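Worksheet for the structure shown next.
The values are calculated or read from the model by the stated rules, or taken from the named source; none is laboratory data. These figures come from a predicted structure and were not determined experimentally. Here the Cβ positions follow ideal geometry from the backbone for every residue, glycine too, while neighbour counts run over all protein chains shown.
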Amino acid sequence: MSDLQIIPSVSELSKIEAALPQLDQLESQIAGLEQRAQALEVTSAESMAEAGACIREIKSVRESAKATLRPFDLAISRVKDFLRERLQKITNRGELAHAICTKKMSDYDARERELVAIEQKRLDRAAARTGAEAGTVTPNVPTMAGARRTVTYSVGVLNKDKFIHECLKRLAKHDDSLLRFLVIDEAELRAVARSYQDPERMMKEIPFIKVKEQVNFGGRATT
């Protein structure tokens with residue numbers, strides 16, 4: 001995609017100029033609706049219906065704003081795709097160059113530490129023969145700005161059932177050292193709550209939980 005392809009045309013610019021007053025008007029409308037929502041006190045069926053009407057107007061204004069901007073979706077997408085493509089080229093080549101350096105540095109680090117281990121054993125054996133104190137050999141790996149050495153470890157549970165059984169055995173002996181590795185799936189609990197739709201029943205069937213029902217009418221929750 002060339003640079004010229006992302007420059008808005010004259011017709012697109014005129015549409016943008018026409019859209020700005022519409023957005024100003026819609027912003028003013030939504031500000032009024034926000035004030036109306038703040039002032040509403042839902043204490044009866046009538047006032048609840050009024051709140052529902054307010055929600056309908058809010059949705060209408062939001063849809064109007066989206067419709068006002070819809071003609072520019074293609075132009076916006078064109079600019080975003082162009083910039084994203086340029087960024088991706090830089091990112092991909094940067095990641096490749098970084099990986100090349102990392103591989104070479106990791107290989108050197110591993111070789112250096114192998115040599116250090118061999119030399120440390122030699123010094124320890126010599127010190128054991130003479131009774132002298134063995135020196136400590138350190139790897140010749142420099143500290144570099146922007147290239148911090150990190151070590152990661154992959155861990156997998158070989159047998160989940162045996163792991164849980166061992167955890168329960170230790171708990172019976174008042175040893176909770178493995179308990180932190182047993183994760184409670186709160187997302188699954190919420191899914192069960194949605195299927196039950198009965199907090200009291202769920203709290204009776206599943207021990208040591210608290211289920212709270214919260215009613216929402218489609219908006220973002222507020223405190």
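Of note:
- Extreme residue, farthest from ILE55 (Cα to Cα), among residues of the range 182-223 that are modelled with pLDDT of 90 or more, under 24 Å from the mean Cα position of the chain (by Cα) and of a type outside the set (A, V, I, L, M): ASP185
- Among the residues making up the range 124-137, those that are part of a loop (DSSP other than H, G, I, E, B) and exposed (fewer than 10 other Cβ atoms within 10 Å of the Cβ) are GLY131, GLU133, THR136.
- Verdict on GLN35 being surrounded by 12 or more Cβ atoms within 10 Å (Cβ to Cβ) and of a type in the set (S, T, N, Q): no
- Residues satisfying the stated conditions in the range 42-57, i.e. over 20 Å from GLN29 (Cα atoms), surrounded by 11 or more Cβ atoms within 10 Å (Cβ to Cβ) and either of a type outside the set (A, V, I, L, M, F, W, C) or outside the structural domain of GLN29 (by TED's automatic domain parsing) (or both): SER47
- With respect to (1) loosely packed, with under 10 Cβ neighbours inside 10 Å; (2) in contact (Cβ under 8 Å) with a residue 40 or more places away in the chain; (3) of a type in the set (A, V, I, L, M), the lone exception for MET105 is condition (1).
- In the range 175-192 there is no residue that is part of a helix (DSSP H, G or I) and polar (S, T, N, Q).
- Scanning the range 15-29 for residues that are surrounded by 15 or more Cβ atoms within 10 Å (Cβ to Cβ) and within 33 Å of the chain's Cα centre (by Cα) gives a single hit, LEU26.
- Looking across MET202, MET105, one residue alone is in contact with a helix residue (DSSP H, G or I) (Cβ under 6 Å, 6 or more places away or on another chain), part of a helix (DSSP H, G or I) and not acidic (Asp, Glu). It is MET202.
- Some residue of the range 149-159 being assigned to a helix (DSSP H, G or I), out of contact with any Gly (no Cβ under 8 Å at 6 or more places or on another chain) and surrounded by fewer than 11 Cβ atoms within 10 Å (Cβ to Cβ): no
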